[in-house]
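This is the structure, below, for whatever I ask next.
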Amino acid sequence: GALHRLAASRPRHARLYRFRADPPTTTMQRIKGLTTGSLPTFVDVGSNFASYAIREDNLLAQLVRNGRRVVFMGDDTWDGLFPKMFSRSYFFPSFNVKDLHTVDDGILQHLYTTVDGGDWDLLIAHFLGVDHCGHKHGPDHPEMAKKLTQMNEMISSLVDHLENDTLLLVAGDHGMTDTGDHGGDSEKEVNAALFVYSKTPLFRAGPPEEPETVPQVNLVPTLALLLGVPIPYSSIGEVMADLFEGDGDAVTASLSQLAAYHVNAKQVDRFLDSYALAAQDLPGDRLKQLKELFTAAAEEHAQLLAQVQEGLVASPELEAQLGRLRGHFQHYLREARAVCTASWARFHPFRMVAGCALIAASCLLCYIASELANALDFYHHCFYSLFGGLLAAALLGWARVDLDPILVVSWVAAASQLGFFWHWWSQRPRRIHLASVRPPVASMGLWQRLRAWLGPALPLGILALRCGAMFSDSFVIAESQVVPFLLASLAMLWVGKLHWDGQLSTPSDAPKQPPGSLSCHKESWPLLGLLAALLVCLRLSSLFHQCRDEVPHCQPSPCLAPLSSLRSPQAKNLCYLLCVASLVGLVYAVRRWLRHYGNLNSTSPLVLFVRWGFPLTAFCIACYWAVTSGTEDTLGKLQELVQAALVTFPRAVYGLVAAGLLLVLWKPVTVFAQDSRAAAGPIVTPFQGAPSSEADLLHVISQIYRRMQESLNSRLEGGSRWAAVAAYGLGSVYSAALVITLTLLGFFLLLLHSERMSLSFLLLFLEAFILLRLHVSAMSLAGEAEPFVVPWNAVIAWVLATAQFFYSTGHQPIFPAIHWNAAFVGFHEDHATHLVPALLVAANTFASHILFAVGCPLLLLWPFLCETPGSRRKRLKKDPQDEEQEPLMEMRLREAPERFSAVLLQLGLKYLFVLGMQLLACVCTAMILRRHLMVWKVFAPKFLFEALGFVVSYVCLLLGISLVLRVDCAISAWYRQLEPR
Amino acid sequence: MKDTEIKKLLFAHIFCVVSIILSTVVPSFFLENFSVLGTHLTWLCICSACVTTVNIFLYIIVKPNPSSKRSSFAHKISRFLKCCIYFFMSCIVFHGIIVLYGAPLIESVLETFLFAVLLSTFTTLNCLCMLGPNIQAWIRVFSKNGAMSIWDNSLQITTMCSIVGAWLGAFPIPLDWDRPWQNFCSEV
């Protein structure tokens, strides 16, 4: 291109360098690095899209202070970073990565006129098209070629517009990975090019064979000295000596280079001095060493200058001395930079340990509380301790307003936990006493107790393995394979243990049976089938993985790319049909499930929504996919229509989903009640408008709840007449509300992902269903008399599935793998606030966390749901004596309301415990390995993702549980409404 | 009675172990550039063949579960055929399970299958020798109170340990050593 042509044809005017960025390579960090010359800190990445003004000393501030005029055009990130600094500026919106042309065309419109106008000292033009094109299409797309050609033309025509005393610098602020993203620290991301050109000769000799590598921070002191302003205070760059050669003889060139080095070294020395005073994290001996280097070099420089002025030294000797001195300065500056890079992170060990202890205590609390969940009075006391902690914090905060809020919050947490543990400890003797009174526990031998303890030990062992795996960077990198492996092992162990305990086969070692007739339980074959299906699901889900750049030969799943990136129309159509089919399959499965349990019969608005709104939502999503997967150019005149459609369809889906969720909250009862007190005959299922076979089907499978009758009978004295209310779908009312909510959320999250991820979502729902079935059949086989307690197996499997689908929805715990595209689904223009895009991106990233956490109460509800044995199905409801036998399903939960809430709480606590253990492991790794080579690359991002995932899961878990409670309230209201009749 | 059984058991196990050791050492005298890690496929073949022969040989000599009734030749043949079919099926099943656990589907099919064969020789073959082609008996042995003799116990332990060892063998895979043999680890 133009750069190579210029560099080759005019070697003294132009040169190409390799420009190395310091990670993280996100845009804002790079702009900061290019203007302040200091290293970016890691946590800054988070504020990339809510950029704050740079408060440190920087090049632009120095220029403005010295009365120079700075003109800017391009990326509006600069506006936030340098408010009111530019004498003239043309900002264009940068956040929409799908928009390839706005910024570039805007710049090109103003660039040449401004350059020719000449009323500027520094002109910055920040083009974005190539970067956006990389994000959207990847580096090897025809669009990219177009974009690069455009840039090439821009440079060659810009060169013609330059004055003689103008220096043109063309630099990329970062590179891009093979997928066109950036943000990490792989070789491809940190390497960019720097091109220098001027119409007056800059260099004394031609370029070296291999382009020199220049760290990005070096640009700051170079530009500052070339423009004649002080170097920014916190810069740790080194001047680029080549640019200070001038066109005199060798000695003058060396002298001017030395002068530049001297100024630079003085500035760095001053910065290090004041930094060392303010913070203690630079190692003292290294600092001392650096100081010695500096003083030696400075003295030598002064001596040499004096010698030169007196004209004492002969020219060749002088040149050698100058060269040596330059080497000293270079050495000093590089060492200083290395020291800063090595230890530019501050840690608070005490706070770290305290935080870890707090999390560990919380986990312990969750565990203890979940074990004690049935002792209800216990909780009242806990609230006192929490209340006391809050009160103490309020007092503390009131007394000393200047305290760090984080400290206050952690003190509150610690205080309330202390209260809890104290209470628990003081209650302990009494409970032990109570326990020892009970004969079965007392008679248990040590062996038996060990055996009882072994039950939860196996799944907890798997959990321990998972936590332990976080301490090795290889395992964190391979976590997308580790998690399915562990989940498969857990499921195998689960089934294997059932078999080992002999619950899979009927006992047959009784002597009367010959040994050959050992028969299996009828339910054991479905169990094995479920296990196999689960394994297949796990294997299939690995088709959707994203890659990390550490894995050498990894190909990211083709499903991650949007459909529009497919070239061949046949493949595109096929994939599109497949996606739509999976969507339809999802809707059909959910409706089928609801119909099976009789929740699709009533005429309440929610049921109508499920009947008509679900297909409509699916239709909208399919239309949106159709529009997005079309190519941009072919549509021509329809462009505006397409743009409108791109916004309308997602918004319609958002609206429908929101409406559905509101409906669920407003009237979550999907029960069809028929009052048969007037009609005395047997109840016939009145499903209007359905074919007779379907009506029969409904008749057979819909559940009738008769518990009502008893309560009514007790009220109507003497049982003079049998009043019956038949309620369809009452037995599954809780799960129905949850399933509807999950489906709605699933639609929403599906929309935020690329089209082919819908297959992965289908798999997610399927696997969740399989896990629930497995849980149910394992429970029924294990002969748990009490389905109220959810075993650890199920909870841990649920959490592992969460982690598994985090990876299988195309995510990785690294920053370049975040799907920023999600922020623009349904919003074509730039966002007014940062809240909406942040929420959309978070929803995209933590999709599986959201779905599994909201669905967590299903673990409790499902066993009740599957309670009906097949033999009871056909029984007609004529005989009132038979009513006792009717399956109550989820209504059994209502029989013991206080038990219900306790059990729900217990489930939530167990779930939180498992999540908290994972978080604890992550926190510990980030703390212990904070000086590890891989900490910024592997552990710290993992910790951030895990922590955010924990928060999301926690909130969603609360939402799920509160939804169940809301249904409970609604059911109570429904009963009350029924009673007066 | 019990003492002799234990002696037999010890004898059998020593034989097995020695056969495995020999299978790693001896072939290097006959085959050029043979090593366990370099030519892992050959070693897998040799090892499974070795263990198979030793197991069958031991079965013929020791006869752990002597059947009371004498059976005809045809019966024996059908039993043998059944055993072969079972063994082959177990290889296929193990292969499926390994793939479901995350082994690549198409690349290194041979490695996976040989690993499945090796695993079968350590587990299924043992069962076939001890219990015969009798699934019900297998189910009985592998449950909590199913072991009736010391042979059953040893069978339980060796089979479980083989499977657990194979499972543990997956753990070093993610560690970044980048050696070819890492993909498939041996187990005893």
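The values are calculated or read from the model by the stated rules, or taken from the named source; none is laboratory data. Remember, it's a predicted structure, so these values are computed and weren't measured experimentally. Please note: Cβ atoms are built from the backbone with ideal geometry, for glycine as well, and neighbour counts cover all protein chains shown.
Can you find a residue in segment A:243-263 that is of a type in the set (A, V, I, L, M) and assigned to a loop (DSSP other than H, G, I, E, B)?
Here is the first cut: in segment A:243-263, the ones of a type in the set (A, V, I, L, M) are A:243, A:250-251, A:253, A:255, A:258-260, A:263.
In the following step, the residues that additionally are assigned to a loop (DSSP other than H, G, I, E, B) were identified as none.
Among the residues of segment A:243-263, not one is of a type in the set (A, V, I, L, M) and assigned to a loop (DSSP other than H, G, I, E, B), which makes the answer no.
Another question about this same structure. With the structure loaded, tell me whether A:Gly106 is among the small types (Gly, Ala, Ser), part of a loop (DSSP other than H, G, I, E, B) and modelled with pLDDT of 85 or more or whether it fails that test.
Values: among the small types (Gly, Ala, Ser): yes; part of a loop (DSSP other than H, G, I, E, B): no; modelled with pLDDT of 85 or more: yes.
No; evaluated as a whole, the condition is false for this residue.
Okay, moving on. With A:Thr628, A:Thr603 as the choices, which residue is within 33 Å of the chain's Cα centre (by Cα) and among the hydroxyl-bearing types (Ser, Thr, Tyr)?
On the way: A:Thr603 fails: within 33 Å of the chain's Cα centre (by Cα).
Within the list A:Thr628, A:Thr603, the selection yields A:Thr628.
While we're looking at this one, here's another question. Search segment B:80-95 for residues being surrounded by fewer than 16 Cβ atoms within 10 Å (Cβ to Cβ) and not β-branched (Val, Ile, Thr), and hand back the single one that is farthest from the other protein chains (Cβ to nearest Cβ). Before you say what the answer is, go through the steps one by one.
So the first thing to find is which residues in segment B:80-95 are surrounded by fewer than 16 Cβ atoms within 10 Å (Cβ to Cβ), and the list is B:80-82, B:84-85, B:88-89, B:92-93.
Filter once more, so that each one left must be not β-branched (Val, Ile, Thr): B:80-82, B:84, B:88-89.
Values: B:Phe80: 19, B:Leu81: 19, B:Lys82: 14, B:Cys84: 21, B:Phe88: 19, B:Met89: 15 Å.
Per the criteria, the residue is B:Cys84.
Please report, ordered by residue number, the helices (runs of 4 or more DSSP H) entirely within segment A:125-239 with at least 3 residues that are in the same structural domain as A:Ser89 (by the TED database), of a type outside the set (Val, Ile, Thr) and over 31 Å from the mean Cα position of the chain (by Cα). Walk me through how you get there before you give the answer.
On the way: elements: A:129-137, A:142-161, A:187-190, A:219-227.
Hits in segment A:125-239: A:142-161, A:219-227.
So, in segment A:461-507, exactly how many residues are part of a loop (DSSP other than H, G, I, E, B), more than 9 Å from chain B (Cβ to nearest Cβ) and at pLDDT 80 or above?
Summing the residues that are part of a loop (DSSP other than H, G, I, E, B), more than 9 Å from chain B (Cβ to nearest Cβ) and at pLDDT 80 or above in segment A:461-507 gives 2.
All but one of (1) at the interface with chain B (Cβ under 9 Å from one of its Cβ atoms); (2) modelled with pLDDT of 75 or more; (3) crowded, with 17+ Cβ neighbours inside 10 Å hold for A:Gln546; which doesn't?
Looking at each condition in turn, A:Gln546 falls short on (1).
Here's something else I'd like to know. I'd like the full set of residues that are crowded, with 18+ Cβ neighbours inside 10 Å, closer than 30 Å to A:His811 by Cβ and without any contact (Cβ under 8 Å) to a residue 60 or more places away in the chain, limited to segment A:144-181.
Of everything in segment A:144-181, those that are crowded, with 18+ Cβ neighbours inside 10 Å, closer than 30 Å to A:His811 by Cβ and without any contact (Cβ under 8 Å) to a residue 60 or more places away in the chain turn out to be A:Met144, A:Lys147, A:Met176, A:Gly180.
Against the definition (over 21 Å from the mean Cα position of the chain (by Cα), over 19 Å from A:Pro139 (Cα atoms) and not aromatic (Phe, Trp, Tyr)), how does A:Leu563 come out, yes or no? Walk me through how you get there before you give the answer.
Working: over 21 Å from the mean Cα position of the chain (by Cα): yes; over 19 Å from A:Pro139 (Cα atoms): no; not aromatic (Phe, Trp, Tyr): yes.
Against the criterion (over 21 Å from the mean Cα position of the chain (by Cα), over 19 Å from A:Pro139 (Cα atoms) and not aromatic (Phe, Trp, Tyr)), A:Leu563 does not qualify.
Out of segment B:113-126, which residues are surrounded by 20 or more Cβ atoms within 10 Å (Cβ to Cβ) and more than 14 Å from chain A (Cβ to nearest Cβ)? Before the answer, list the steps.
Step one: of segment B:113-126, the residues surrounded by 20 or more Cβ atoms within 10 Å (Cβ to Cβ) are B:114-126.
Scanning segment B:113-126 gives B:Leu114, B:Phe115, B:Ala116, B:Val117, B:Leu118, B:Leu119, B:Ser120, B:Thr121, B:Phe122, B:Thr124, B:Leu125, B:Asn126.
Does any residue of segment A:182-191 turn out to be touching a His at 6+ places or on another chain (Cβ under 9 Å), surrounded by fewer than 20 Cβ atoms within 10 Å (Cβ to Cβ) and of a type in the set (D, E, K, R)? Walk me through it before giving the result.
Initially, segment A:182-191 is screened for residues touching a His at 6+ places or on another chain (Cβ under 9 Å), giving A:182-183, A:188-191.
Now narrow it down to the ones that are surrounded by fewer than 20 Cβ atoms within 10 Å (Cβ to Cβ): A:188, A:191.
If we keep only those that are of a type in the set (D, E, K, R) as well, we get A:188.
The answer is yes; a qualifying residue exists.
Restricting to segment B:142-173, name every residue that is over 13 Å from the mean Cα position of the chain (by Cα), touching a residue at least 12 places away in the same chain (Cβ under 8 Å) and more than 11 Å from every other protein chain (Cβ to nearest Cβ).
Across segment B:142-173, the qualifying residues are B:Ser149, B:Ile150, B:Trp151, B:Asp152, B:Ser154, B:Gly169.
Can you tell me which of (1) surrounded by 13 or more Cβ atoms within 10 Å (Cβ to Cβ); (2) modelled with pLDDT under 80; (3) of a type in the set (Ser, Thr, Tyr) is the one B:Ser48 doesn't meet?
Result: B:Ser48 passes all but (2).
Taking the criterion of being buried (at least 18 other Cβ atoms within 10 Å of the Cβ) and away from every other protein chain (no Cβ under 14 Å), would at least one residue in segment B:98-112 satisfy it?
yes
Do the conditions hold for B:Ser186, that is, is it modelled with pLDDT of 80 or more, over 20 Å from A:Ile462 (Cβ atoms) and away from chain A (no Cβ under 14 Å)? Break it down stepwise before answering.
Details: modelled with pLDDT of 80 or more: no; over 20 Å from A:Ile462 (Cβ atoms): yes; away from chain A (no Cβ under 14 Å): yes.
For B:Ser186, the condition - modelled with pLDDT of 80 or more, over 20 Å from A:Ile462 (Cβ atoms) and away from chain A (no Cβ under 14 Å) - is not met.
Going residue by residue through segment A:762-774, is there one that turns out to be under 19 Å from the mean Cα position of the chain (by Cα) and either free of Cβ contacts under 8 Å to residues at least 40 places away in the same chain or in the same structural domain as A:Leu606 (by the TED database) (or both)?
Within segment A:762-774, the subset under 19 Å from the mean Cα position of the chain (by Cα) is A:764.
Filter once more, keeping what is either free of Cβ contacts under 8 Å to residues at least 40 places away in the same chain or in the same structural domain as A:Leu606 (by the TED database) (or both): A:764.
So far as segment A:762-774 goes, yes, one or more of its residues are under 19 Å from the mean Cα position of the chain (by Cα) and either free of Cβ contacts under 8 Å to residues at least 40 places away in the same chain or in the same structural domain as A:Leu606 (by the TED database) (or both).
Here is a follow-up. So in segment B:131-141, with the set limited to residues that are more than 9 Å from chain A (Cβ to nearest Cβ) and part of a loop (DSSP other than H, G, I, E, B), which one is surrounded by the fewest Cβ atoms within 10 Å (Cβ to Cβ)?
B:Gly132
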